[in-house]
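A.B. asks: I'd like to ask some things about the structure below.
The values are calculated or read from the model by the stated rules, or taken from the named source; none is laboratory data. Quick caveat, the model's predicted, so the values are computed rather than measured. Cβ coordinates were reconstructed from backbone atoms using ideal geometry, including for glycine residues, and neighbour counts include every protein chain displayed. Side chains are part of the model used for accessible areas, which takes the heavy atoms of the whole protein and leaves out ligands, DNA and RNA. Shrake-Rupley method; radii C 1.70, N 1.55, O 1.52, S 1.80 Å.
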Amino acid sequence: MSVYGYDPARVEILHRRTREALVALDAIRSEDPAAADAMRAIALARDTLERGWLPFIGAIRTSTAMTAWRTALGADASRGLVSNRVIANIPSRGSPATSWIVTNGLDDLTDTEVVDRLDDSIERFRAAVAGGDDLDHAERRLAVFADEAVRRARHDRGQFASLMQQHLGDRGAIAILGAIDALDASSRRDPRRHGIPPAALDLAELLAPLGAVASVVELIGAHLRSSTSLAPLITATSQAWDPTVLVGLTTGLIRAIDERHYLMTMVTPIELAGNVDALSRALAHDPAASLAVLGDDVALDYIATNIYLAAPSVEAVITAGLLNAPRASGAAMRDGLDALSRLVVISDDDLLNDGTKRGLAAAMLTFFPVLAPQLDVRIPVVVPYGTDSDHTVEIGDYCDLQRLFGQILADDAAQLVLGAMTERYRVAETAGLATTIAAHRGDEAGEQRARIAAALADVSAIGALVLRSRAARTSLAAYEHGFVVGRAKSVISWAAAIGSAVVPSARAAIPIASEVVTTALDLTRPAQVRNLGADAASAIGFTVTVVGLPTSTPRIRGALGLGSVPAATWQRLDDLLEELADTDDHERRLAIHSTIVAIAAADPDLDLFVTQLETLGGDAANAGPQPPASCS
Amino acid sequence: MTVTTNQHASTLRARATQLRALAVELERTPAMALERFAGTDTWRSPRADVCAHELIADQTRILHAADDLRWTALRLERCATDLECELARLRALEAS
């Protein structure tokens, strides 16, 4: 579309000149019969100005476009939406370009007129597709009015949507869905075209507010079961759709697939999975909506195990629903734990989609703190939730969890994420230790060390679960690399973003964990992870926690029985720990770690401290009762 | 007869003068320069294009009308001249 617009100041001048021209034309008189043609020419010119120019100028002067479009333009520009309204493209002769009001030339149409013309354009386009009018012209006309309608709907969503519903109703929704199908078919037939036709995107965005009406939602749901054209458009316009409607559409579609309704349509189960995939990507923008879908047993089964769904889409919706959403409230945590317990059951019978494994691995950042203290091989894992922990959800027994974690560990990317989340959990668990120890300064050093060990024990319980869950041939190299990644700045930032995304104010997609940790390793895929040695990465995390605590907090050294360690040793350790935190070079990290271990071993007090905590905190989880052999 | 013919010729010349004045008035009326204020630096839209095209058509029509007025004025003056010549010829015949 061309750039249209007007200069308000010049339009004012034009208005004055036009009125002057009219007065001058009125003043021309002649009774001479020979001047009859001339007087007719004058009358025609007068008619042009009076009936054509002045109403148009008046519409521009009095329409809200004079103010509203300027405001809207500013808002659009700030959101990067000024695609076809680039002021700089307007040729300017003496008039500063910024004085222009940019418009598409439809300003003087009322909202009702725009809706009517859109309706008419849709019908004409559908007739053209059926072999009537010129198809290109009909599509261009449809694109113009759909674009204008979207623009008005964005600026005045509620009222314009209401107007559309009044004027178009269900018939309008059916017409829009038909036009979307026709645009999709037309686009597929034309090899010169690439991507989604803009008019189709506009129509999908206009359809979204109509979804407030139940009958329209039913129509859209039926369309999603029989066509592949709409779902990608919903993904592309996800911001316009009410999350509740998206939840209903997704669960409805999955239940229809589950009940074999596709047998009555022309689409295949794989194509319908594509629709679910697209809806999942739209849902992932809203954690609460994602959790609502995962709360539907049929939907959870389908999403978690379907091999036709793309792993990134599944990971996105699982991450949004189980990592982000449960942090919002006790009720959301209950729903998240319910979904987790359901996934434990599912993983016993079916293979999980790789996206499910990765999403679950990321969600452990939320679940580890409530899960780890309850891990006991002898009794079912029952997790308390809520502010006073007076409610519980039974997740399953230890063996069930082993099977779930076994599936997670079968995917290298999920392993990486799980390792990174374990490291983030360890950091979180030990974060307040220095304050606690300082507050109990009078206690015996043994008691103080026991506090550190207790904090590390929950982390170790997770480590023990992971080790027991691995299949015999499963390498844990990626998991251990995850520990390293867990301290990368990008992953720390990501975890902080998750914490602040409890109830996102803007529905922006949160980067999925597997991409973040993979990028943190500067790798294109997890299989390229270099082998650092099985225990090295894990040991670095442990040493950083145990040695780092008294190094960074001198006031607790005495309480931990480390008061006689020379200041020079602490200074050396402090320098090394700082260097360790700053470097992403894995070989260098290993070398620094070796030096820290050597320095600790050289001091009798430090050596005893580290050894005790390795025994109490590091191996405690493995030293107790073992799960039955039948679990593995 | 002589007086009537003479008056008629004068009337024709007066009409020709008025028609020429009208032609000038048409050409100079502000509507004939309105396009200067309605260019693409003032507005741009399909409807603005329609306005411009209609104005051009009207201006062309007016210019043609002005030309016609001048042509008519010329014809009227020729008629007046013819009448005056005929009157002069008749006067010459009467004198002889």
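A.B. asks: Provide a whole-number value for the mean count of partner chain Cβ atoms within 10 Å of the Cβ atoms in peptide B:66-79.
C.D. replies: 2
A.B. asks: Simple spin-label model, 7 Å along Cα-to-Cβ: A:Gln239 to A:His137 in nm?
C.D. replies: Result: 3.6 nm between the two label points.
A.B. asks: So, in nm, how far is label A:Val23 from label A:Arg260 when the simple model puts each one 7 Å beyond its Cα toward the Cβ?
C.D. replies: Those two pseudo-labels are separated by 8.4 nm.
A.B. asks: How far apart, in nm, are the 7 Å Cα→Cβ label points at A:Thr583 and A:Arg188?
C.D. replies: Roughly 5.7 nm, to one decimal.
A.B. asks: Using the scaling law 2.2 N^0.38 Å as the reference, what is the normalised Cα Rg of the range A:240-303?
C.D. replies: 1.06
A.B. asks: Ranked by accessible surface with a 1.4 Å probe, highest first, in what order do A:Ile180, B:Ile56 come?
C.D. replies: Ranked from most to least accessible, the order is B:Ile56, A:Ile180.
A.B. asks: A further question on this structure: Per-residue accessible area for B:Arg61 at 1.4 Å probe radius, Å² rounded to 10?
C.D. replies: Counting only protein heavy atoms, the figure is 90 Å².
A.B. asks: Can I ask one more? Under a Cβ-Cβ cut-off of 14 Å, what is the net charge of the residues other than A:Ile307 that fall near it, where Lys and Arg count +1 and Asp and Glu count -1?
C.D. replies: With Lys, Arg at +1 and Asp, Glu at -1, the net is -4.
A.B. asks: Can you list the residues of the range A:36-50 whose accessible area drops by at least 10 Å² going from the chain on its own to the full set of protein chains, with a 1.4 Å probe?
C.D. replies: The answer is A:Asp37, A:Ala38, A:Ala41, A:Ile42, A:Leu44, A:Ala45, A:Thr48, A:Leu49 - residues whose exposure falls by at least 10 Å² when every protein chain is included.
A.B. asks: Still on this structure, please answer the following. Please report Rg (one decimal) and Dmax (integer) in Å for the Cα set of the range A:271-322.
C.D. replies: 9.5, 27
A.B. asks: Hey, another quick one. Which whole number in µm²/s is D for the range A:200-245 by Stokes-Einstein, with the Kirkwood Rh taken over Cα pairs at 37 °C and 0.692 mPa s?
C.D. replies: Translational D for this selection: 313 µm²/s.
A.B. asks: Can you tell me the FRET efficiency between A:Glu515 and A:Glu271 if r is taken as the Cβ-Cβ distance and R0 is 25 Å, rounded to the nearest 0.05?
C.D. replies: The pair A:Glu515/A:Glu271 has a calculated efficiency of 0.40.
A.B. asks: May I pose another question? Compute the length gained on full extension between A:Asp443 and A:Asp297: take 0.36 nm times their separation in residues and subtract their Cα-Cα distance, giving the result in nm to one decimal.
C.D. replies: Taking A:Asp443 through A:Asp297 to full extension adds about 47.5 nm, to one decimal.
A.B. asks: How much solvent-accessible surface does B:Met32 expose, in Å² to the nearest 10, with a 1.4 Å probe and all protein chains in place?
C.D. replies: 30
A.B. asks: Mind listing the Cα extents of chain B along all three principal axes, in Å, largest one first?
C.D. replies: Largest first, chain B extends 76, 15, 14 Å along its Cα principal axes.
A.B. asks: Another question, if that's okay. Are there residues in the range A:9-31 whose accessible area shrinks by at least 40 Å² when all protein chains are included rather than the chain by itself, and which are they (probe 1.4 Å, ligands and nucleic acids not counted)?
C.D. replies: A:Arg10, A:Leu14, A:Arg17, A:Ile28
A.B. asks: In peptide B:16-23, what is the residue-averaged number of other protein chain Cβ atoms found within 10 Å of each Cβ?
C.D. replies: Partner-chain Cβ atoms within 10 Å, mean over residues of B:16-23: 3.
A.B. asks: At a probe of 1.4 Å, how much accessible area disappears from chains A and B on forming the pair, both sides counted, to the nearest 100 Å²?
C.D. replies: 3100
A.B. asks: Jot down the per residue volume, in cubic angstrom and as a whole number, of the convex hull over the alpha-carbon atoms of the range A:159-229.
C.D. replies: 77
A.B. asks: When all protein chains stay in place, what accessible area (Å², nearest 10, 1.4 Å probe) is found for A:Ile599?
C.D. replies: The value for A:Ile599 is about 40 Å².
A.B. asks: Carbon and sulfur: what percent of the range A:293-373's accessible surface (1.4 Å probe)?
C.D. replies: Carbon and sulfur together cover 49 percent of it.
A.B. asks: Provide a whole-number value for the mean count of partner chain Cβ atoms within 10 Å of the Cβ atoms in peptide B:50-59.
C.D. replies: Shielding by partners across B:50-59 averages 4.
A.B. asks: For A:Asp605, A:Asp147, what's the largest-to-smallest order of accessible area, 1.4 Å probe?
C.D. replies: Putting A:Asp605, A:Asp147 in descending order of accessible area: A:Asp605, A:Asp147.
A.B. asks: Here's another thing I want to ask about it. At q = 0.21, 0.28 Å⁻¹, work out log10 I(q)/I(0) for the range A:300-339 with the Debye formula, treating every Cα as an identical point scatterer and leaving solvent out; two decimals please.
C.D. replies: Cα-only, vacuum Debye calculation for the range A:300-339: -0.64, -0.89.
A.B. asks: Before I look further, what does the range A:105-170 give for accessible area per residue, probe 1.4 Å, in whole square angstrom?
C.D. replies: 46
A.B. asks: Students sometimes get this wrong: rank A:Arg16, A:Arg117 by accessible area, probe 1.4 Å, all chains present, largest first.
C.D. replies: A:Arg16, A:Arg117
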